[in-house]
Amino acid sequence: MDMQVLRERAGLSRAEVAFRLAISETSVRNWEAGRTEPTMTPKKYLDTLRLFKCTPEELAAASEKSINQRHKRKPGRPRRFPDTQVSQVTDSPVCS
């Protein structure tokens, strides 16, 4: 279940979520598209759980799924940082 499914399961539109949480509709759309993760105050977090009628685990899993769907790579597209490459720190003088 991703963020959009979580919202739809609660029977809410993006506009309703935005209004009830006092955030922009763009923020809700970005959560669902996996462009950004929800960041909020503890009170807003509790409001979100009540609004979506979900557990903290469900919200975290939905957010992670949305992010992971967004970041799937297209076939044939080279990886930016290969998994096998380990960055090494070299001892070099610091410029002043």
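The values are calculated or read from the model by the stated rules, or taken from the named source; none is laboratory data. Please read these numbers as outputs of a predicted model, since none were measured by experiment. Note: ideal-geometry Cβ built from the backbone for every residue, glycine included; neighbour counts use all protein chains shown.
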Residue hits (region 8-58; in contact with a Ser or Thr (Cβ under 8 Å, 6 or more places away or on another chain) and not polar (S, T, N, Q)) are A18, L21, W31, E32, A33, G34, E37, P38, M40, L49
Being surrounded by fewer than 10 Cβ atoms within 10 Å (Cβ to Cβ) and at pLDDT 60 or above is the filter here, so list the residues in region 68-88 that pass it.
-> H71
Search region 43-67 for residues being of a type in the set (A, V, I, L, M, F, W, C) and in contact with a Leu (Cβ under 8 Å, 6 or more places away or on another chain), and hand back the single one that is surrounded by the most Cβ atoms within 10 Å (Cβ to Cβ).
-> A62
Quick one: in region 9-42, of everything that is surrounded by 13 or more Cβ atoms within 10 Å (Cβ to Cβ), within 16 Å of T55 (Cα to Cα) and not hydrophobic (A, V, I, L, M, F, W, C), which residue is modelled with the lowest pLDDT?
-> P38
